[in-house]
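Working notes, structure below.
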Amino acid sequence: MGEQPIFTTKAHVFHIDPKTKRSWVPASSQAVNVSFFFDSTRNLYRIISVEGSKAVINSTITPNMTFTKTSQKFGQWSDIRANTVYGLGFASEPELNKSDTHGKEKYVCLSYFPTKAVIWFGR
């Protein structure tokens, strides 16, 4: 069956500056689709975002990844495999929290997936 989309949202994508490790560098020029995929063949999840022909996010979700909400409209996670920290900037707090599919404390927990891969969207 292969890789299937399971959720899409819009956000501005950032990467942490690899030199300073302190400031954010825009990876997209505008809000772009950020999609979550499940590959049933390999039993893994990925977050992918493309602007034009350039992949601005290609992140495989691992069991110890955590999405940290750092402000009302911004969150980040570290991807060791891609050797970067990704940041997502949303237009509003409801946009960041809208993927709260279970209504649990403003978290979007992808733990309902059949693997141990979990990313928390929220506080």
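The values are calculated or read from the model by the stated rules, or taken from the named source; none is laboratory data. Since we're looking at a predicted model, the values are computed, not measured. Counting neighbours? That spans all protein chains shown, and the Cβs are built from the backbone with ideal geometry, glycine included.
So the check is Cβ under 8 Å with 6+ separation or different chains; which pairs have a first residue in the stretch 54-66 that's over 12 Å from residue 86 (Cα atoms) and a second one that's polar (S, T, N, Q) and modelled with pLDDT under 85?
63/115
Quick one: count up the residues across the stretch 58-81 that are within 20 Å of residue 12 (Cβ to Cβ) and of a type in the set (Val, Ile, Thr).
2
Of everything in the stretch 1-55, what is of a type in the set (Val, Ile, Thr) and touching an Asp or Glu at 6+ places or on another chain (Cβ under 6 Å)? Give them in sequence order. Step through it out loud before you land on a result.
Applying the first criterion (of a type in the set (Val, Ile, Thr)) to the stretch 1-55 yields 6, 8-9, 13, 16, 20, 25, 32, 34, 41, 47-48, 50.
Matches in the stretch 1-55: 25, 32.
Would you confirm whether or not the stretch 92-114 contains a residue that is touching a Pro at 6+ places or on another chain (Cβ under 7 Å), modelled with pLDDT under 50 and surrounded by fewer than 17 Cβ atoms within 10 Å (Cβ to Cβ)?
Residues of the stretch 92-114 touching a Pro at 6+ places or on another chain (Cβ under 7 Å): none.
No: the stretch 92-114 contains no residue that is touching a Pro at 6+ places or on another chain (Cβ under 7 Å), modelled with pLDDT under 50 and surrounded by fewer than 17 Cβ atoms within 10 Å (Cβ to Cβ).
Could you identify the single residue in 52, 87, 75 that is modelled with pLDDT of 90 or more, crowded, with 17+ Cβ neighbours inside 10 Å and not hydrophobic (A, V, I, L, M, F, W, C)? Don't jump to the end; show me each part of the working.
Working: 52 fails: crowded, with 17+ Cβ neighbours inside 10 Å; 75 fails: modelled with pLDDT of 90 or more.
Answer to the selection: 87.
Which one of the conditions (1) outside any strand (DSSP E or B); (2) exposed (fewer than 12 other Cβ atoms within 10 Å of the Cβ); (3) not hydrophobic (A, V, I, L, M, F, W, C) does residue 70 fail to meet, given that it meets all the rest?
(1)
Among what's in the stretch 1-40 and is under 17 Å from residue 74 (Cβ atoms) and of a type in the set (Val, Ile, Thr), pick the residue that is modelled with the lowest pLDDT.
9
Within the set of pairs 6 or more residues apart or between chains, which connect a residue that is loosely packed, with under 10 Cβ neighbours inside 10 Å inside the stretch 4-30 to a residue that is not in a strand (DSSP E or B) with Cβ atoms less than 6 Å apart?
From residues that are loosely packed, with under 10 Cβ neighbours inside 10 Å, the pairs are 23/17.
Quick test for you: out of 92, 59, pick the one residue that is over 13 Å from the mean Cα position of the chain (by Cα) and either among the polar types (S, T, N, Q) or at positive phi (or both). Quick ask: steps written out before the conclusion?
Working: 59 fails: over 13 Å from the mean Cα position of the chain (by Cα).
Of 92, 59, the one residue that is over 13 Å from the mean Cα position of the chain (by Cα) and either among the polar types (S, T, N, Q) or at positive phi (or both) is 92.
From the residues in the stretch 10-53 that are among the polar types (S, T, N, Q), part of a loop (DSSP other than H, G, I, E, B) and closer than 16 Å to residue 84 by Cα, which one is farthest from the chain's Cα centre (by Cα)?
Here is the first cut: in the stretch 10-53, the ones among the polar types (S, T, N, Q) are 20, 23, 28-30, 33, 35, 40-41, 43, 49, 53.
After this cut, where a residue has to be part of a loop (DSSP other than H, G, I, E, B) as well, the list is 20, 23, 28-30, 40-41, 43, 53.
Now drop any that are not closer than 16 Å to residue 84 by Cα, which leaves 20, 23, 28.
Working: 20: 22, 23: 18, 28: 14 Å.
Per the criteria, the residue is 20.
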